[in-house]
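Take a look at the structure set out below.
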Amino acid sequence: MSYRYVLIDRDDNVATLTINRPEKLNAMNPEVVADISAALDELRDDDAVHAIIIAGAGEKAFMAGADIGMLMDVQSPPEGVALSRRGQAVTLQIEKLPKPVIVALHGYTLGGGLELALACDIRIAADNTMLGLPEMNLGIAPGCGGSQRLPRILGKGMAKFLIFTGDMIDSEEALRIGLVEKVVPVGELMDEAKFVARKLAAKSPLAMAVAKEIINLGMQVDLESGLAIESLGFGVLCMTEDCKEGCSAFLEKRKSTFKGR
């Protein structure tokens, strides 16, 4: 399929979804959200794709937040709720994908752009990245999951500091506090994202899907319930052909060939 605001590139079993609205710093609006959602559905259903990279077009921004004009058009609380829920839906879609999602961040990564990144599994940032949730400076609060995911990633205190102040931080500070997993020179960003994506794509798709699900579910429950979820996932995976192949390959000192069965 082709999209107005999204480009998809497939390289073997890795797909790159590029948000393509650089003249507006890839700012989020309903059409951008709809294209991202449809593209994610396409990649979810493509069995040849084992890992996904999300990136932003242009040199200035991954995504500089939402269109301010769109916010000005909100005429009632129900309209605001609907706008928020559309953004939340696409972040949940990313989180629930049974495939690992790496996000490659550069330049301005603000508001809805950071909220989108928070839903991804691994965040790799270029050394020119500036990150923040500046909604408070506009008289609003995060609406696409930032107020919920940021405390789960950074802890309540740091999340409140970033949301309450609306301050931007650079990539090194983001790495220090655990907001991103890796920082690389801007010219190496996509190479690093693809390197990580290929490494994940080489694993068992079944094991990857289960690992992602048990981690996400476990973060929502108490420890004992999380351990029970882990055991169920482990038990199911023990019966797969991929498990037998992985164990055989280890014993035979060869590379595993996983088939997703």
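The values are calculated or read from the model by the stated rules, or taken from the named source; none is laboratory data. Predicted, not measured: the structure shown is a model, and the values here were computed from it. Every residue, glycine among them, receives a Cβ derived from its backbone with ideal geometry; neighbour counts consider all protein chains shown.
Worth a mention:
- Pairs meeting the criteria (first residue in region 140-166 and surrounded by 14 or more Cβ atoms within 10 Å (Cβ to Cβ), second residue of a type in the set (Val, Ile, Thr) and not in a helix (DSSP H, G or I), beta carbons under 8 Å, at least 6 apart or on different chains) are Leu162/Ile169.
- For region 70-84, the criterion of being touching a Gly at 6+ places or on another chain (Cβ under 6 Å), part of a helix (DSSP H, G or I), among the small types (Gly, Ala, Ser) and in contact (Cβ under 8 Å) with a residue 12 or more places away in the chain is met by at least one residue.
- Some residue of region 213-230 being on the phi < 0 side of the Ramachandran plot and in contact with a strand residue (DSSP E or B) (Cβ under 7 Å, 6 or more places away or on another chain): no
- Count of region 202-237 residues which are surrounded by fewer than 18 Cβ atoms within 10 Å (Cβ to Cβ), touching a residue at least 12 places away in the same chain (Cβ under 8 Å), part of a helix (DSSP H, G or I) and charged (D, E, K, R): 2
- Residues (surrounded by 11 or more Cβ atoms within 10 Å (Cβ to Cβ) and either hydroxyl-bearing (Ser, Thr, Tyr) or on the phi > 0 side of the Ramachandran plot (or both)) located in region 70-85: Ser84
Conditions tested, residue by residue: (1) outside the structural domain of Ile214 (by TED's automatic domain parsing); (2) within 22 Å of Arg176 (Cα to Cα); (3) of a type in the set (A, V, I, L, M, F, W, C).
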| site | (1), (2), (3) |
| --- | --- |
| Val49 | yes, no, yes |
| Glu59 | yes, no, no |
| Pro77 | yes, no, no |
| Arg85 | yes, no, no |
| Gln93 | yes, no, no |
| Pro98 | yes, no, no |
| Val103 | yes, yes, yes |
| Asp121 | yes, yes, no |
| Ala125 | yes, yes, yes |
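- Residue match in region 61-69 (condition: without any contact (Cβ under 8 Å) to a residue 12 or more places away in the chain and either within 14 Å of the chain's Cα centre (by Cα) or surrounded by fewer than 22 Cβ atoms within 10 Å (Cβ to Cβ) (or both)): yes
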